[in-house]
Each structure stands twice: as structure tokens, then as C-alpha cells.
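Just below is one structure, and these are the notes that go with it.
The values are calculated or read from the model by the stated rules, or taken from the named source; none is laboratory data. No experiment lies behind these values; they were computed from the predicted model shown. Here Cβ is always computed from backbone atoms with ideal geometry, including for glycine, and neighbour counts include all displayed protein chains.
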């Protein structure tokens, strides 16, 4: 029989946070369900400190054979969803590890080129881009709920206080706060410090309405896409994240 102590130990292993935007869009990136599951397992292993899981370790978690896993890994590397990188450890030995950075870049490029589709997600109540007809209390409650969903955990008292300050003292539109959260998720930087920097940047630029913020985001991304000469999300070109902390 499983003891309470064993159960608590298992629960303390933590969890792997998967962005909602990835789950909503991986099909559009031409990833199969099995390939997505493989990437999730690799992400999970890396978050556990196993940066280069073996084929056997992956096979133990999935229903695929080693041959199938090898083929999928080769395709994911060939199609630039996954990379194997190397570095020197403390003993000056070369060690390899998986990197999902190419996956995040592909997702970012897709969302950038299809920013109108992301904004339209308001119809699914994912990223509201305009005011809802409900009460301000309901809108504020949705902000806290959305933050917990994207952070993958309950908010701390300090985090709740920060969000409450944005809403009550700064009088920020809840939809603008959600748009700032979306920018942080796209950049894979889930921190209130990063989101606060985004909000301050928008305030500094005099952006006080949802439409102004959306136009600002679209204008910047179109400028970057034009600057990079990019015509499609799957082209092998550099497309930098809009890092608000470096502005």
C-alpha cells in the first residue's frame, strides 16, 4: 500500500509547464499528436534535470518503439523543432543536451505572421482583445484566473497584490493586462517583472486603449518581419523576440 509520505514525495517532484499557445497551435506548425507528446516528454525530462534523455528513457514513457522514436527525433531535428547542443561540464568534458529553443522560435514566428489570428482568439476567451459586456468584477476575476492558468500554479500573495495594484491603483484595463501577459507567454518569460515592464512601456508610449496596444504590437511585428525579409514562419531566418526588459 502506498504511504502518505511516498505520495507526498511524488507530488513534490513538480510539474512541467506547457504554454497554452503551443497546445493550441502545434497542429498548425505541422506537428503530429505523437510528435507533440514526444516534445512534451523531452521538456519534462529537461525540467527534471535530465537534459539528454536516452531513447530507452523516452520509450519507457511512450507507446512508440525505439525505431519510431528515432525516426521522430530525426524529423524534429531536420525540421528545426529540436536541437542537440553540446557544452563543457565542470570536468571539461563535452556533454550533449536537447534544446527546444527552435520550437519556441517557430511558434513565435507563426504567431507573429498570424497576429490577427492570435488576436481573434478572444472569441474563444483565450486572449480577449476587446471589452466584454460583463461587470468589471468579472473581468478582474478573469485576469487572476488567466494568470494562474498560464503560470501553471496558484498565484502567491505578492503576485496577487501586484496584479491588484495594476487594476485598482493604476486603473489599467483588464484586457490590456491580459495582452501584456500574452506578450510574456510568447516570449516564454512568465514573470510579473517582465509583464510590469511591458505595461510601463505601453504607458510611456501613451497607449491607453486595447486598440492602441494591438496596433502597436502589430506595427512592431510587421516592421520586424519586413526588416528580416521574412515571408513565412518556417523559413530559416533569425527573428528576435521583442524583449521588453532590454528596452
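Observations on the structure shown:
- Screening 167, 155, 179, 172 for residues that are at pLDDT 85 or above and not in a helix (DSSP H, G or I) leaves exactly one candidate, 172.
- Options 83, 90, 130, 117: the member that is closer than 27 Å to residue 35 by Cα, surrounded by fewer than 19 Cβ atoms within 10 Å (Cβ to Cβ) and at pLDDT below 90: 117
- Elements of type helices (runs of 4 or more DSSP H) in region 9-72, at least 3 residues being outside the structural domain of residue 88 (by TED's automatic domain parsing) and surrounded by fewer than 11 Cβ atoms within 10 Å (Cβ to Cβ): none
Let's see how each residue does on (1) surrounded by fewer than 17 Cβ atoms within 10 Å (Cβ to Cβ); (2) in contact with a helix residue (DSSP H, G or I) (Cβ under 7 Å, 6 or more places away or on another chain):
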site	(1), (2)
153	yes, no
156	yes, no
161	yes, no
164	yes, no
168	yes, no
171	yes, no
179	no, yes
189	no, no
194	no, yes
